[in-house]
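Taking it in order: structure first as structure tokens, then the write-up.
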Amino acid sequence: MMARTRMIALTTLAVAFGLFAVAGAASAQEAQANIDCNQMSGEIRPLGPPGTYNCEIDVIFPGIGGTIQAGEPASFYTITLDADAPAWADITLSPSSISDQYNQDGNTHSFTVNVALTQRAPAFQATSVTIDGTATFGNQGMEVAPTQITVTPGYFNLYNVRLDSTIGQGGPQDTVRFPITVDNFSNGETRFDFRLGENGMPEGFQAVPPEPLVLQSEATGGERTRDTVNFEVYTPFHNGYVNTIAAIQLHVESSYAPDTSITGTTSTVSTLTEARGFYVPGPGAALAALAMVGAIGLGSVVRRD
């Protein structure tokens, strides 16, 4: 009875060991495909040329030697590549599918990843893109190990400047305001500087450009992407009737707000200011004239004494 018990135990142990060995062999026979890509230096400009990453797939066959013969149907494999990227990144894999057959020394395949960006890509925000794939290998398994590439969008400059009206009217010694609305469609926070044009200031007129304006970007999660500023023109004055017109230009210069050395485009708006009417001195001028008359009269009285 004791001998029979020992025999059953030994048999059970042998079966368990055999199952373990089979499982280990199956695991060891699974082919592996490892993806590796270089990291691109610099930024990719949205709506510009795509960035290119050079990649390789190393396919190895650990433990399969002798179980598969090259040329047999079961020796061929296909790897289909894919990328997991944000919606603002357009990924092109070339080639997107790779087919070959078993080689006991392993195989290496090259492919490229081209990344094109839309204007929604957030400026200078490094983002990881996963390059992965699925594979078939006869009746064997093949595990694909993914990799990641880093995509950094550059600054894309796009905005709109709109004058509510290009013509303003006022009387002598008046202030004429031109509301200017600026919309920032850039992919990063943008600064706008205002500068008077070089066409000269007509005689008697003065103009004050708006203070610098910084607008957020929707691409980076900002909400204040629009604002309105005033361009002020002061009209001339002189005794009598005033009738004059001034054409004044205003330049709008743009740059990336966190680093203004990254400049954008410059826009120019033109305004026409009309000054018409009789100049009537204000209370201050009248009081000054009365004071002068009083002083002259007082001087006359003193001299008679």
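The values are calculated or read from the model by the stated rules, or taken from the named source; none is laboratory data. Fair warning: this is a prediction, and the values are worked out from it, not measured in the lab. Note that we place each Cβ from the backbone using ideal geometry, even for glycine, and neighbour counts take in every protein chain shown.
Annotations for the structure displayed:
- Restricting region 144-166 to residues that are out of contact with any Asp or Glu (no Cβ under 7 Å at 6 or more places or on another chain) and of a type in the set (A, V, I, L, M, F, W, C), the residue that is nearest to ASP259 (Cα to Cα): PHE156
- For SER217, the conditions (1) closer than 30 Å to LEU93 by Cβ; (2) of a type in the set (Ser, Thr, Tyr); (3) surrounded by fewer than 19 Cβ atoms within 10 Å (Cβ to Cβ) all hold with the exception of (3).
- Which listed residue is in a helix (DSSP H, G or I) and either at pLDDT below 95 or in the same structural domain as ALA121 (by TED's automatic domain parsing) (or both), from ALA246, ALA275, ALA219, ALA288: ALA288
- Sole exception among (1) in a strand (DSSP E or B); (2) surrounded by 17 or more Cβ atoms within 10 Å (Cβ to Cβ) for PRO210, by number: (1)
- Against the test of being of a type in the set (S, T, N, Q) and farther than 30 Å from ASP227 by Cβ, the options GLN169, GLN119, GLN125, GLN104 yield a single qualifying residue, GLN104.
- Search result, residues across region 176-192 that are crowded, with 20+ Cβ neighbours inside 10 Å and more than 25 Å from the chain's Cα centre (by Cα): VAL176, PHE178
- Check on THR136, over 28 Å from the mean Cα position of the chain (by Cα), polar (S, T, N, Q) and not assigned by TED's automatic domain parsing to the domain that holds ASP36: no
- If you go through region 172-203 and pick out every residue that is more than 17 Å from PHE231 (Cα to Cα) and among the small types (Gly, Ala, Ser), you end up with 2.
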